[in-house]
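A short worksheet on the structure shown next.
The values are calculated or read from the model by the stated rules, or taken from the named source; none is laboratory data. The structure presented is a predicted model; accordingly, all values stated were derived computationally and were not measured. Here the Cβ positions follow ideal geometry from the backbone for every residue, glycine too, while neighbour counts run over all protein chains shown.
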Amino acid sequence: MAEQDGARLIDEIRALEDRKSALAARQARLAVAFDQLQRRQQSEVGIPADQLEAGTGAQIALARRESPAKGNRLLGLAKALVIEMPHSLAALEAGQLNEWRATLLVRETACLSSADRSSVDEELAPDAGTLTGLGDRALVAAARTAAYRRDPRSVTQRAAHAATERHVSLRPAPDTMCYLTALLPVSAGVAVHAALRRHADSLRSDGDEHSRGQIMADALVERTTGTPGGITGIEIQLIMTDRTLFQDDSEPARLPGYGIVPAAWARTIIRDTASSAPTAAARDAGIADAGIADAGIADAGFAGAASGNAAVNTWLRRLYTAPGSGDLIAMDSQARLFPAGLRRFIQARDDTCRTPYCDAPIRHHDHIIPWHEGGTTSLTNGQGLGEACNHTKEAPGWTAAPSPAAGLRRHGTELRTPTGHSYQSTAPPLPGTRLDLLNVQSRGLRRRLRRHAKVLKRARAEGGWLLELATIGHCVGGCRA
Ligand SMILES: [Zn+2]
């Protein structure tokens, strides 16, 4: 009896897997149909041929809850399968391939001409069950063999193209470490590694007791930043609550470009970098307790000077968030370009590109409602966007507006696509705020909001940028005057 139950469960898992593959094939067909429809509609209204693709992948991405970059890859996959690789598409429909394995076949034939790709598809014939039972690596090998055989020249071209993809990236590792990765042509990569190794070997033969790996890592940081230890003189922007900084609170901090870091780590790096006790210095400067009204807006900042060590440039920037909602508080500007203070503010608030599901770094400070359509240069009408998303937003039929529901919540925008679908984007929670919304109706909070408004009014009247102040803090606790 139990065996039968087990068999039934496995049968259903298999049946669902087949359906997932079939649905992926259906999505591919729909994506191609959508792409063709968009092109037709856009060319009818006279959009130049080279711009016809703009935004199609981005719309598919939003619908599939993926990043725009992934959306473009999915569209590319769909086109290759539907237009050039009918056998692979049939295998996907039948469950003989899943979406990932179909992606591998498309990827390995990407540099071939359309005709060669079709003939590889025919040779492999995945719909005849030829790839059944092969691991992913074996499947890639089969596709690569067939592809290289057809067009040995494309292999060389592919290598030349690969060199244009060189880059450096950063991603988190456990325990507040990170991987700094460089994708390099092999000669450059080997040269860098050999130089670091030679340096480490020579220090160790002179008696340095650090491990070779440690010395190599230190040398990489020093040579790249030009500074021993690697971090002075380069601004590290840490965002944390005042409670984390001054009261040993455990609310984590955010390090832009990296992500969330534990509270104790954030305190340590500030203490280490500022050498003398920054807490005392900050209190002297009136930062911790006085609130903005009394702190002396122009020079509340403490940096090296405040800690008595002019050589150290520890910049802490104070950002004020509204009690209850955690939204950053806005200031307006008459200027068309976002002033530096406002840009920093948006950077801190948005952290990464504001397009839903997009993790790309911010490259543009965008007017949500464009300047030429009357959009203001303000925190509410500003957002951080990645390069590609900024271009997509300019494509025909795309509109955006600050989200009307924003109110007391974190900053919101609404993105409308040419098909009339709309998507909400909410700024990520800052340290000290939770994802869920707090009840902001309590009397205490309302009182604090009123006080915020007064302080802001005064700051505006004095013509200063609240953001040009020096420290990071959080008004919910710090503004309790
Ligand atoms: Zn983006």
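Read through the list (1) in contact with a strand residue (DSSP E or B) (Cβ under 6 Å, 6 or more places away or on another chain); (2) modelled with pLDDT of 95 or more, then give the number of the only condition that residue 178 fails.
With (1) in contact with a strand residue (DSSP E or B) (Cβ under 6 Å, 6 or more places away or on another chain); (2) modelled with pLDDT of 95 or more applied to residue 178, the lone miss is (2).
Which of the residues that make up the range 118-141 are within 16 Å of residue 98 (Cβ to Cβ) and among the polar types (S, T, N, Q)?
130, 132
Would you say residue 88 is buried (at least 17 other Cβ atoms within 10 Å of the Cβ), of a type outside the set (Val, Ile, Thr) and closer than 13 Å to residue 142 by Cβ?
For residue 88, the condition - buried (at least 17 other Cβ atoms within 10 Å of the Cβ), of a type outside the set (Val, Ile, Thr) and closer than 13 Å to residue 142 by Cβ - is met.
Taking interchain pairs and intrachain pairs at least six residues apart, which have beta carbon atoms under 6 angstrom, with the first residue in the range 248-268 and touching a residue at least 12 places away in the same chain (Cβ under 8 Å) and at negative phi and the second polar (S, T, N, Q) and part of a loop (DSSP other than H, G, I, E, B)?
As it stands, the answer is 251/241; 256/237; 261/176; 263/250; 265/176, since those pairs meet every condition given.
How many of the residues making up the range 35-69 are assigned to a helix (DSSP H, G or I), within 14 Å of the ligand (Cβ to nearest atom) and touching a helix residue (DSSP H, G or I) at 6+ places or on another chain (Cβ under 6 Å)?
Here the count works out to 4.
Would you please name the residue that is nearest to the ligand (Cβ to nearest atom), looking only at residues in the range 372-384 that are farther than 12 Å from residue 338 by Cβ and not acidic (Asp, Glu)? Show your work before the answer.
Here is the first cut: in the range 372-384, the residues farther than 12 Å from residue 338 by Cβ are 372-374, 380.
Right, trim to not acidic (Asp, Glu) and you get 372, 374, 380.
Details: 372: 22, 374: 25, 380: 20 Å.
Checked the range 372-384; the qualifying residue nearest to the ligand (Cβ to nearest atom) is 380.
Going by the conditions given, is residue 352 of a type in the set (Ser, Thr, Tyr) and either within 16 Å of residue 391 (Cα to Cα) or within 16 Å of the ligand (Cβ to nearest atom) (or both)?
Judged against the criteria, residue 352 is a match.
Tell me, which residue of the range 194-220 that is assigned to a helix (DSSP H, G or I) and acidic (Asp, Glu) is surrounded by the fewest Cβ atoms within 10 Å (Cβ to Cβ)?
Filtering the range 194-220 for residues that are assigned to a helix (DSSP H, G or I) and acidic (Asp, Glu), the one surrounded by the fewest Cβ atoms within 10 Å (Cβ to Cβ) comes out as 201.
Can you tell me which condition residue 369 does not meet? The list is (1) more than 16 Å from the ligand (Cβ to nearest atom); (2) in contact with a Gly (Cβ under 7 Å, 6 or more places away or on another chain); (3) not in a loop (DSSP other than H, G, I, E, B), and all the others hold.
Failed condition: (3).
Answer with yes or no whether residue 156 is of a type outside the set (A, V, I, L, M) and free of Cβ contacts under 8 Å to residues at least 12 places away in the same chain. Spell out how you get there, then give the answer.
Values: of a type outside the set (A, V, I, L, M): yes; free of Cβ contacts under 8 Å to residues at least 12 places away in the same chain: yes.
Here the answer is yes, as residue 156 does meet what is asked.
Tally the residues that are in a helix (DSSP H, G or I), touching a helix residue (DSSP H, G or I) at 6+ places or on another chain (Cβ under 9 Å) and of a type in the set (A, V, I, L, M), restricting the search to the range 127-140.
Adding up the residues that qualify gives 3.
Select from the range 194-212 the residues that are touching a residue at least 12 places away in the same chain (Cβ under 8 Å) and closer than 24 Å to residue 166 by Cβ and list them in ascending order.
The initial filter retains those residues of the range 194-212 that are touching a residue at least 12 places away in the same chain (Cβ under 8 Å), namely 196-197, 199-200, 203, 212.
196, 197, 199, listed by residue number.
Consider residue 156 carefully, then state whether it is part of a loop (DSSP other than H, G, I, E, B) and exposed (fewer than 14 other Cβ atoms within 10 Å of the Cβ).
Considered against the rule, which asks whether it is part of a loop (DSSP other than H, G, I, E, B) and exposed (fewer than 14 other Cβ atoms within 10 Å of the Cβ), residue 156 comes out as no.
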